[in-house]
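Chemist: I have a structure I would like to understand better, so I am pasting it below and will then ask my questions one at a time.
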Amino acid sequence: MNMPMQPTNTAESTNLPNFCLGELNLSIMQTVSQIVTNPNYHPFKQKTKKNGQTFTQYYVSNCPPTYHVFEYLQNVQPINALLLQHSFYKISESVKALHKAYANLGYTLNGPINHNLLHNEQYVHNIQFAVETFVGELKSHSTSKIAIADRDKRIMLIKEIRKANVPVMKKLFKIHQRFNLNVFTYTFHMEKCEFRDKAFIEQGLAKQISDMIDQFHENHQSEILALFFCVQRNLSNNYVLTVYCATEREYQSLSMKDCIPLRNGNYMIVAPTSNISLSIYETTWFMDLQNIHGMNEKVWKAEFGQQVEKYKYVYYESEFISPKFIYIECDSKN
């Protein structure tokens, strides 16, 4: 295969070796797919030039979309087969189709397409058939039942997640107008986890996280106005817990560190040889109805929507981990 599809940016893991680390890689594929499968998109446009008394037709790049497509594809890396086949990582059908079609394109051409040469008539002539086949393959797949069902499912999931968040934040802005939003991001690193039963570890970790949230809520229930969180497994094979906790502006920023059970100050207590290390990032966002001393409801909706927008191309879902946010009942000053 001649296209630049050699694995890079990968990491070894116990059960999923050579994992692609970057969501950016899948994001690029999703973006390219959306450009190419637009019904109005065509990679080249026909032109006519006069040579004496004769007219000759030729093709040039349909810029800028075609230029952007192959500029993006210069940065695409292959997706590991185990990730593509993994039952819990939900990679979009659009990404899978792009991955396959681009690999097929690589077998046809002698080298990667140089987007900087798409203005050249002879260069376009040499690649035209292969590129149009590539585009046709993606367009055909996009109207298949499996592709349509996958897109609809992802759109509904994102809408459901965003809709569930609206009444919580609307009530906060209406009653308090100005408040703090404590944001905790905890990454549970699995590189040194030696325990063989991964399902057991995932179940145990999910239980630990639930206990942490409950303990944090119990410790600060007089201060907490709203509390919601989500756990996802990222493409580095680690688990990421994202917690949002609202408090009145007058309160100091909260922390959940004291609710995290650690062995020797470094590892989560899930199983004897789990060795799950933890990275902690805690910050506070200021929320303000008037959008003067913090973000208002409209800005928050955009920020929250951006977080779940990636579900268009990938999310993780198993018996114990869900892409949806979980909301804890909070009665404090509401």
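Chemist: Working only within the range 108-125, note down all residues that are surrounded by 15 or more Cβ atoms within 10 Å (Cβ to Cβ) and without any contact (Cβ under 8 Å) to a residue 24 or more places away in the chain.
Modeler: Matches in the range 108-125: Tyr123 only.
Chemist: Tally up the residues in the range 130-141 that are of a type in the set (Val, Ile, Thr) and touching a residue at least 60 places away in the same chain (Cβ under 8 Å), please.
Modeler: 2
Chemist: If you go through the range 247-262 one residue at a time, do you hit one that is among the aromatic types (Phe, Trp, Tyr), surrounded by 14 or more Cβ atoms within 10 Å (Cβ to Cβ) and at pLDDT 95 or above?
Modeler: No: zero hits.
Chemist: Would you confirm whether any residue within the range 279-292 is out of contact with any His (no Cβ under 6 Å at 6 or more places or on another chain) and under 17 Å from Phe320 (Cα atoms)?
Modeler: No.
Chemist: In the range 37-61, which residues are of a type outside the set (Val, Ile, Thr), open to solvent by 40 Å² or more (accessible area, probe 1.4 Å) and assigned to a strand (DSSP E or B)?
Modeler: Within the range 37-61, Lys45, Gln46, Lys47, Lys49, Lys50, Asn51, Phe55, Gln57, Tyr58, Tyr59 meet the criteria.
Chemist: Also, I was wondering about something else. Does Ser142 count as open to solvent by less than 80 Å² (accessible area, probe 1.4 Å), among the small types (Gly, Ala, Ser) and closer than 30 Å to Lys198 by Cα?
Modeler: No; evaluated as a whole, the condition is false for this residue.
A quick yes/no check of all residues on (1) in contact (Cβ under 8 Å) with a residue 24 or more places away in the chain; (2) assigned to a helix (DSSP H, G or I); (3) open to solvent by less than 30 Å² (accessible area, probe 1.4 Å); (4) not hydroxyl-bearing (Ser, Thr, Tyr):
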position: Cys63; (1), (2), (3), (4): yes, no, no, yes
position: His68; (1), (2), (3), (4): yes, yes, no, yes
position: Leu84; (1), (2), (3), (4): no, yes, no, yes
position: Ala101; (1), (2), (3), (4): yes, yes, yes, yes
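Chemist: Which pairs do you get when a residue that is closer than 24 Å to Gly305 by Cα, found in the range 142-156, comes within reach of a residue that is of a type in the set (D, E, K, R) and at pLDDT 95 or above, reach meaning Cβ atoms under 7 angstrom, with the pair 6+ apart or on two chains?
Modeler: Partner pairs satisfying both residue conditions: Ala147/Glu93; Asp150/Glu93; Arg154/Lys312.
Chemist: Hey, does the range 272-287 have a residue that's open to solvent by less than 70 Å² (accessible area, probe 1.4 Å), polar (S, T, N, Q) and under 16 Å from Lys159 (Cα atoms)?
Modeler: no
Chemist: Follow-up question, since we're still on this one. If I filter the range 5-26 for residues that are buried (at least 16 other Cβ atoms within 10 Å of the Cβ), over 17 Å from the mean Cα position of the chain (by Cα), within 29 Å of Phe129 (Cβ to Cβ) and modelled with pLDDT of 90 or more, do I get at least one hit?
Modeler: no
Chemist: Let me ask something additional. Among the listed residues Val95, Val135, Val124, which satisfies the condition of being assigned to a helix (DSSP H, G or I), farther than 18 Å from Lys312 by Cβ and at pLDDT 95 or above?
Modeler: After ruling out the rest, the residue left standing is Val135.
Chemist: Of all residues in the range 190-213, which are open to solvent by 80 Å² or more (accessible area, probe 1.4 Å) and either aliphatic (A, V, I, L, M) or in a helix (DSSP H, G or I) (or both)?
Modeler: Result: Phe200, Gln203, Lys207.
The values are calculated or read from the model by the stated rules, or taken from the named source; none is laboratory data. This is a predicted model, so every value here is computed, not measured. Cβ atoms come from the backbone with ideal geometry, glycine included; neighbour counts cover every protein chain shown. Just so you know, the surface numbers come from the protein's heavy atoms only, side chains and all, with ligands and any DNA or RNA stripped out. Shrake-Rupley method; radii C 1.70, N 1.55, O 1.52, S 1.80 Å.
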